[in-house]
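The values are calculated or read from the model by the stated rules, or taken from the named source; none is laboratory data. Fair warning: this is a prediction, and the values are worked out from it, not measured in the lab. With ideal geometry, Cβ positions are generated from the backbone for all residues, glycine too; neighbour counts draw on all protein chains shown. These accessible areas exclude ligands, DNA and RNA; they are computed on the full protein's heavy atoms, side chains included. Shrake-Rupley method; radii C 1.70, N 1.55, O 1.52, S 1.80 Å.
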Amino acid sequence: MDYLYLLLNLGSISIPFLFSFHPKLKFYKYWKSLFLAIAITMFVFIVWDIVFAHIGVWGFNETYLIKLTLLGLPIEEWLFFICIPYACIFTHYALLLYFPKLNIKISSVTKISYVLITVLLALSILNHGKWYTFINFLYAAVILILVLKTKPKLLQSYYLTFLIMLIPFFIVNGILTGSMIENEVVWYNNAENLNIRLFTIPIEDTVYAFSLILTNLFLMKLFTK
């Protein structure tokens, strides 16, 4: 199935895109700040992606690709950084619209954040020889520090909405890493990660998703009037 990765991308964004025009949501009004945030975040993560693919930290199974590449990455991988953030940020806003009290106390945010930052930095330092673990956890700690210091209120809701977003994450990323299909779409060099899997998903991927979405959301907040 040489279009599986493409279908996963398009399937992820299709419903959020259609409901962006819902008269109550009107998510399309955020497009300017959203796509600017996606473009900046995409630049950071694509550079990271290109380097990691080049040195063999991860790679892609051509069986599930349409075999169109750009700068050494499948076009589906480029689309990933558009479709997934769009779907996740839409979900975040939709949840807050229908559940406006979906947040935690700022004092709890501070405590949770300091614990996460400490754990992420410690694991990053202790695993400095594992490129995915090291860069991934270090970046997550840095973006978390930045958000905590500048827009801590964002984390009041994000900590909860991210837990909800983990449900579709496990479905999509599970398929990408080999769940329910014969081989994985994206393969990982386990010498460059902790080699701990949640089903078929490297545990680092949850942190990667956390920081990817948080970066987009943080930038979007900066650009939204």
Residues with amide H under 5 Å of residue 187's amide H, sequence separation 5 or more or different chain, H placed in the peptide plane at 1.01 Å from N; which? 59, 60, 61
With viscosity set to 1.002 mPa s at 20 °C, what whole-number translational diffusion coefficient in µm²/s follows for the range 1-141 from Stokes-Einstein and a Kirkwood radius over Cα pairs? 122
Counting only protein heavy atoms and a 1.4 Å probe, tell me what percentage of the range 104-225's accessible area is made up of carbon and sulfur. 71
Along the dipole axis of the chain (charges at Cβ: +1 for Lys and Arg, -1 for Asp and Glu; origin at the Cα centre), the most positive-end residue among 170, 181, 139 is 139
Please tell me the relative contact order of the chain in percent, rounded to the nearest whole number, where contacts are Cα pairs under 8 Å and at least six residues apart. 28
Here are some pairs, 105/130; 26/67; 67/221; 32/149; 105/221; which of them have Cα atoms lying more than 29 Å apart in this structure? 105/130; 26/67; 67/221
For the chain, report the accessible area per residue in Å² (1.4 Å probe, heavy atoms, rounded to an integer). 51
Taking the convex hull of the Cα atoms, report for the range 111-225 its projected area averaged over all directions, in nm². 7.7
Please turn the phi angles of the range 175-181 into ³J(HN,Hα) values with the Karplus equation 6.51 cos²θ - 1.76 cosθ + 1.60 (θ = phi - 60°), one per residue in order, whole Hz, x for glycine and proline. 5, 4, 9, x, 6, 6, 10
